[in-house]
Amino acid sequence: MKTTFNADTTARTNPKKGFRIHLLVFLLTTPVIWIVWYLTDTTYPWPLWSTPAWAIGILFHYLGVFVFNKKQHKTL
């Protein structure tokens with residue numbers, strides 16, 4: 001038996017799972033970005049641009065899934 005998993009399809013049919021995937025990627029990637037900054041050139045803190053911007057994206061994703069959730073989701 002062959003089992004396939006498509007994260008994109010799962011995220012569309014289950015918005016809460018899509019948010020959890022987005023949050024997990026953010027939480028795993030952000031420290032890596034800061035470590036790369038620390039190990040290369042620390043003269044200018046360039047992760048200060050991407051981290052808050054991505055966090056705002058996470059906030060809006062959360063609001064879209066949990067706060068402004070419409071029960072009439074149409075599946076694509």
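Could you give the length gained by full extension between Tyr62 and Tyr44, i.e. 0.36 nm per residue of separation minus their alpha carbon distance, to one decimal place?
Extra length available between Tyr62 and Tyr44 comes to 3.4 nm.
What order do Thr42, Thr13 take when sorted by accessible area (1.4 Å probe), most exposed first?
Thr13, Thr42
How much length is gained on full extension from Ile35 to Arg20, taking 0.36 nm per residue of separation minus their Cα-Cα distance?
Difference between extended and current length: 3.1 nm.
The values are calculated or read from the model by the stated rules, or taken from the named source; none is laboratory data. Computed from a prediction, not measured in an experiment: that's the story for all the values here. For accessibility, only protein heavy atoms count, side chains too; no ligands or nucleic acids. Shrake-Rupley method; radii C 1.70, N 1.55, O 1.52, S 1.80 Å.
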